[in-house]
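Everything on this sheet refers to the single structure shown next.
The values are calculated or read from the model by the stated rules, or taken from the named source; none is laboratory data. All values derive from a computational prediction rather than experimental measurement. Reconstructed Cβ throughout: ideal geometry from the backbone, glycine too, with neighbour counts over all protein chains shown. Heavy atoms of the whole protein, side chains included, go into the accessibility calculation; ligands, DNA and RNA do not. Shrake-Rupley method; radii C 1.70, N 1.55, O 1.52, S 1.80 Å.
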Amino acid sequence: MADRDALPLPLEVRARLAELELELSEGDITQKGYEKKRSKLLGAYLPHPPGLEASMAHERRPPMAPSSASRYHRRRSSGTRDERYRSDVHTEAVQAALAKHKERKMAVPMPSKRRSLVVQTSMDAYTPPDTSSGSEEEGGQGEGTPTSSQGSVSMEHWISRAIHQGSTTSSSSSSTQSGGSGAAGRLADVLAQTHVGKSENHSAPPDVTTYTSEHPVQVERPQVSTVPRTTPKYGNAELMETGDGVPVSSRVSAKIQQLVNTLKQPRRPPLREFFVDDFEELLEVQQPDPNQPRPEGAQMIAIRGEPLGVVTNWPPSLEAALQRWGTISPKAPCLTTMDTNGKPLYVLTYGKLWSRSIKVAYNILHKLGTKQEPMVRPGDRVALVFPNNDPAAFMVAFYGCLLAEVVPVPIEVPLTRKDAGSQQIGFLLGSCGVTVALTSDACHKGLPKGPTGEIPQFKGWPKLLWFVTESKHLSKPPRDWFPHIKDANNDTAYIEYKTCKDGSVLGVTVTRIALLTHCQALTQSCGYTEAEIIVNVLDFKKDVGLWHGILTSVMNMMHVISIPYSLMKVNPLSWIQKVCQYKGKVACVKSRDMHWALVAHRDQRDINLSSLRMLVVADGSNPWSISSCDAFLNVFQSKGLRPEVICPCASSAEALTVAIRRPTDDSNQPPGRGVLSMQGLSYGVIRVDSEERLSVLTVQDVGTVMPGALMCVVKPEGVPQLCRTDEIGELCVCSIATGMSYYGLSGMTKNTFEVFPMSSSGAPISEYPFTRTGLLGFIGPGGLVFVSGKMDGLMVVSGRRHNADDIVATALAVEPMKFVYRGRIAVFSVTVLHDERIVVVAEQRPDSTEEDSFQWMSRVLQAIDSIHNVGVFCLALVPANTLPKTPLGGIHLSETKQLFLEGSLHPCNVLMCPHTCVTNLPKPRQKQPEIGPASVMVGNLVSGKRIAQASGRDLGQIEDNDQFLFLSEVLQWRAQTTPDHVLFTLLSSRGTVLSSLTCLQLHKRAEKIATMLMERGHLQDGDHVALVYPPGIDLIAAFYGCLYAGCVPITVRPPHPQNIATTLPTVKMIVEVSRSACVMTSQIISKLLKSKEASAAVDVRSWPPVLDTDDLPKKKPPQLYKPSNPDTLAYLDFSVSTTGMLAGVKMSHTATSAFCRSIKLQCELYPSREVAICLDPYCGLGFVLWCLCSVYSGHQSILIPPSELEVNPALWLLAVSQFRVRDTFCSYSVMELCTKGLGLQTESLKSRGLDLSRVRTCVVVAEERPRIALTQSFSKLFKDLGLHPRAVSTSFGCRVNLAICLQGTSGPDPTTVYVDMRALRHDRVRLVERGSPHSLPLMESGKILPGVRIIIANPETKGPLGDSHLGEIWVHCSHNGSGYFTVYGDEALQSDHFNSHLSFGDTQTVWARTGYLGFLRRTELTDASGERHDALYVVGALDEAMELRGMRYHPIDIETSVIRTHKSIMECAVFPWTNLLVVVVELEGSEQEALDLVPLVTNAVLEEHYLIVGVVVVVDIGVIPINSRGEKQRMHLRDGFLADQLDPIYVAYNM
């Protein structure tokens, strides 16, 4: 140790440094100010090496070197005592672990954020959070507890060690100068290392393997910046500048590549065995590691404490003690309270306590309620609500209750109505039947008041009468009234509240005999004597503070000096000053209080702690308290503090004091310590380890078992079996002095307070019950008790146990002060996919940059991984001061967990690591070699499965209009036979008739258009004409005009006048691809096509001739064209598929007539019918219904343009009602508009006479899986308006066949089945019950149309499949399209899609492949012909199905799961990229919620689909592109994402 003081620092400098550290840790000065002051202090003592400035400048960081190193190893303390036992051992371990990681570093792609999310709060507006918070039990990792002095060795010591270890020159003989320069060079290296280590995490994206060289001063590789810049939205999104101004290619695709490379690196080996999750997909189950340590010791023997020696003059009950002192020595001081300046505020004497308690007792029993009906009777429970700075009022009320024999329930003051955890306390009060709350005057005034001045009922609280206990408000008891003082018995004395891991609050009942025995045991073990002075810093309402400072003190007539929490915040030294001032013998503190005193002790010259004979450390059971104890002793030993005075104790609400170290006079006996291997601890085994190892936990003993108690250690899970001597278990105590029960919860009471530990033979070790303490630990040599953690903080991850406190300590050892507030860290586990996953949440300082905190996060992950060998599932940073607090300022753990799970934590940084943590995913599916055709046939026959095929009914008899082969002939025939019959009626947005067409009018208009085409357009028959019209009647006339002229029409959606730039290019493309010889349109649109805006989007000079049909020639054509061959082209159907492909399908005259006939039969359409159509008339079934069917069948079509619904959402339904329509057709977007827009208006619509009871079919026209949730909510919503739920159904069409299924008028209702989603991934169909796990509802897509035959085929082998398989739907029918119309003539694709043959079975039939996966089911229903009905279920498009882990996933299923996770997710789209799943969600709400979605989305997809999400992208509403049919364009979205064109709010790359 000789070289420790290479650079000795004078004490005052050290003190000043410590002060600076405190200011920084409490947020009083900024990092910059801290570094400035610090460098000034250290300047004189640090050698400045010549190379240093240069290397620092190169780094572009301020040349203040040591600060960064000190951030790296935060050490606090002075003095040169042997420092090994400090938790800086842990800090060093963490740094070493991180250094090891440097070699195999991960390049974590940093999330990208939109600018608005990055704006930091300005420092002036910022108030530092209350880091002084109390380490509450509920807070789990309460305040300073785990941190107390994680790194207290002074940083100089670390630097000097770094210098000397490497400096070989500094041998004793070498000159000092050479030693010095060696040191200086070494220091430069150390510092450069820390700096480069900062940015090194990010090498340029694709290269994730190389890292900076040995001497990291010359930084050659450009570092990938993590500074989010607003990149230009489109175009040159390639270049992004880094923090150092070096441009790098930081496109999304590069980041994803980086992520893929990182994920390729070796992970932990996956697990081997599987447990069955009721299907093929077996989840892996953790196998015990064959090399894991196992306990080898003998079975432990229960340890008995020394006998409780009852002293003759001990009082028979606590009230008797109060009576004795109150009458014998009324002037003796009992309690001194302090104000916030540390001045004595008030001294309560024993006489005053006695008289006032009697007054309170009398008033509680006699002045509440009436004489006949008192509100409170002996044995009732009352709440005690007193602030932390008023122990005197509390004490009087508490003893008043004891004297009145009512049961006090001390609780915290509810600050606001929605205080964290206050609701749970309300439930406790309710279950205890509390109706009265005692409180002080000041507290009563401070409670929130309603408008009339009464105190409102807090959320979850029972109705309470508030009763103020100040003497001046109470009436004097009559002379003859005297409380009845009995000996202690088994009645309940008081109830102490306890917050559980899940946030629920339980009440532990303590009997009067237990209370007395506990006071006696404490008196004996602490050696308390009369009139001793005890300084209490703890919360006096519960736990150690209550037991020592309110109860035992009165039994022994001691004088308590109570230090309120508010004073500690102002002056952390106050308790030490009071010990000196009053010559206190005993002090009760937490390690936090010692830690604060350490940091603040600098200016105190005259501290003398020699009067202290016992310093009770209340949280001695936290393994990390040892560092505070050591550091405290280290500093204050010179101030008279003796080592044997420090007495850690372990306690729990259930077992009261479990163990306490006795104050001995023998300073030679060192306290017990153990250095335990964390690896061993995680398996519940004690393995003493060497200090050199990285992952060790140093624990100190908490003394021996309490007098009169028996203690043993049992296994934490399962039967309470005794542990072996080298095994960690739960401590159990058998004693009179423990709690009795959880109030009102007999089952939980049995499991906790009535435990009978068993030996290995199965026999109970005692006839008396034991109480579980909730503490984990072991009993070491000499009967010393060691605690290694709490049951509440235990997280069992894949079979290994980790303690939340330990993980907090590791996180804090990673450069704690710079980015997060110490003591503002919460660690808990959430269950995802059958295992616990660790979540770490910390409060981030407002001045830390994105990049820095992200660096810190990735290092925390590495540190926890190295030291605990466990992955962190999610690490989240939240803004300062936003985590829910407990009343004394600790973090409210269960509330934090709740916020995390419901997505309202609002983090400002999130890093998820599902790829590293989740090792129990099912095995990827291995594709089996294909089975030959014959064996499939035989297999299906043997298993009794039928080949999946079905057909619609025959097309049947020909009627008079069916003799025509061509639609143009049908129109001419109708114009002659029924000239005045109205075929089409177009409605305006107000619901009035805008225009209508009779058969003759249509015929006449068509003739004029044909003339125009021939004369003005000079078109030949067979030429293609693009019809660019808004939905309406002009479009229909133009279509028949083309047929009359022998041209081939192509309907094209007109460009949107407000959005020409994006819509016009599509129009241009269709016109070009379809080789249109001319464009027919209206006058307005023709101007639009040639406008200035249009010329910006496309080359307007290359349009074919544009004819506007607003002024038509008067004459009719010489003759109408009659096609010679029915197989020639009638029209082209162009549309963009969901995968973004533009395809035109050729429809022949035969197919067109067959199509119309099939629909006519299915829907029973006749001239007397009316049909309402609210669809886009540009392609597919929408076009056929809008333009063709009326002419063919003669019914009247009421046309409602869907765009009008944006103005008037009720238009469609009002028209249906007004025209008494029986059949109507719409699209999903129309249905969604009605559901969302009219949801609240059903009543007003009803009053306007809207009646849907006549509707027998309402068909949604679609090319996708039926959206069952939407159709069901639509049916439910409009049921009140008469809509029959059976009426709503869907149709199914695709590119090769525009309508395959359509729910007709006759035939069975559409059926819904539930299939197992996991089976679907394996292309199998397995029906399950509704509501069973992993079930997916699928609705039949309507009835198969007449003349259509369907078979289900294997898309790879083209063989027919059995009923229970998912396969591609193939269709054979006379209205199939006859091929694609393409410029390139891609023949292979054409023949594959339109002319396929099965590979075996019926190999003759020509089938068209729909490109959709589905299955057939024979139902129990019968159709019109009496046959059993075959239902077709569409599952999803083959092109969109994602192959991940060898299984087939349908995007819609994952999207449904994601949308359900959070109310702010409006829409979602998923797509794969490489082998990662990318999830894009649209956020409705503030951008602050964006990061809440990342964990929720990841969890949901893992739980429901066994998939790990690779990238989560949060975008604004409307970013996910949707086509005219309301289908998501996922491939467009993917291209936009990879080209950086989405302007996302946040992109998270999951590790």
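Given axes a ≥ b ≥ c from the Cα gyration tensor, I'd like to know whether region 648-771 is rounded (a/c under 1.5), prolate (a/b larger than b/c) or oblate. Since a/c reaches 1.5 but b/c is at least a/b, the shape of region 648-771 is classed as oblate.
In order along region 630-645, the Karplus-derived 3J(HN,Hα) couplings, from 6.51 cos²θ - 1.76 cosθ + 1.60 at θ = phi - 60°, round to 5, 5, 5, 5, 4, 7, 9, 5, 6, 9, x, 7, 8, x, 6, 6 Hz, and Gly and Pro are given as x.
Per-residue 3J(HN,Hα) values for region 564-574, derived from phi via the Karplus relation 6.51 cos²θ - 1.76 cosθ + 1.60 with θ = phi - 60°, read x, 4, 5, 6, 4, 5, 6, 9, x, 8, 3 Hz in sequence order (x marks Gly and Pro). Taking amide H as placed 1.01 Å from N in the peptide plane, the amide H of Gln844 sits under 5 Å from that of Val878, Ala880, each at least 5 places away or on another chain. Taken along the Cα-to-beta-carbon direction at a fixed 7 Å, the label points for Arg1254 and Gln292 span 7.3 nm. Apolar share of the accessible surface for region 773-914: 53 percent from carbon plus sulfur atoms, 1.4 Å probe. Carbon-plus-sulfur accessible fraction, region 1377-1509 (probe radius 1.4 Å, protein heavy atoms only): 50%.
A 1.4 Å probe run over the protein chains yields, for region 1126-1263, 30 Å² of accessible area per residue, whole-number rounding.
Within region 395-461, report the GluC sites (Glu not before Pro) that DSSP leaves as loop and that have at most 12 other Cβ atoms within 10 Å.
On the way: sites: Glu405, Glu412, Glu454; in loops: Glu405, Glu412, Glu454.
Answer by residue number: Glu454.
For Asp441 and Asp1516, the difference between the fully extended length at 0.36 nm per residue and the C-alpha to C-alpha distance is 381.8 nm.
Quick one: putting +1 on the C-beta of Lys and Arg, -1 on the C-beta of Asp and Glu, what dipole do you get for region 555-630 around its Cα centre, in Debye to the nearest 20?
So the magnitude is around 160 debye.
Label separation (Lys923 vs Asn1125): 5.7 nm, computed from points 7 Å beyond Cα along the C-beta direction.
A cut-off of 5 Å between modelled amide H atoms, ignoring neighbours fewer than 5 places along the same chain, links Gln1529 with Ile1522, Asn1523. Each label was represented as a point 7 Å from its Cα along the Cα-to-Cβ direction; for Arg1324 and Ser610 these points are 8.4 nm apart. If you take the Cα centroid of region 1114-1189 and the Cα centroid of region 1409-1479, the two points sit 29 Å apart.
Near Thr511, the amide H atoms lying under 5 Å from its own belong to Ala493, Met740; only residues 5 or more places off or on other chains count, and H is placed 1.01 Å from N.
Here's the list of lysines a cross-link from Lys1358 could span, going by alpha-carbon distance under 19 Å and ignoring same-chain residues fewer than 8 apart: Lys927, Lys945. In summary, the lysines within cross-link reach of Lys1090, defined as a Cα separation below 23 angstrom excluding same-chain residues under 8 places away, comprise Lys1068. State which entries of Lys331/Lys476; Lys498/Lys569; Lys1087/Lys1146; Lys818/Lys923; Lys885/Lys1463 exceed 32 angstrom in Cα-Cα distance in the structure shown. Cα-Cα > 32 Å for Lys818/Lys923; rest within.
Taking all protein chains into account, the per residue accessible area for region 744-826 stands at 32 Å² (1.4 Å probe). The overall shape of region 1226-1324, judged from the alpha-carbon gyration tensor, is prolate: a/c is not under 1.5, and a/b is greater than b/c. Of the accessible area of region 1062-1130, computed with a 1.4 Å probe over protein heavy atoms only, carbon and sulfur atoms account for 55 percent.
Once you reduce region 1254-1288 and region 1035-1054 to the center of their Cα atoms, the two points are 33 Å from each other.
Converting phi to 3J(HN,Hα) with the Karplus coefficients 6.51, -1.76 and 1.60 and the offset θ = phi - 60°, region 832-838 yields 10, 6, 6, 8, 7, 10, 8 Hz in sequence order, with x at every glycine or proline.
Per residue, the accessible area of region 451-575 comes to 36 Å² when a 1.4 Å probe rolls over the protein heavy atoms.
Histogrammed with a bin width of 5 Å, the alpha carbon distances of region 785-858 distribute as 3, 15, 23, 20, 16, 13, 8, 2, 0 percent, first bin at zero. Length gained on full extension, Met748 to Thr1311: 197.9 nm, using 0.36 nm per residue less the C-alpha separation.
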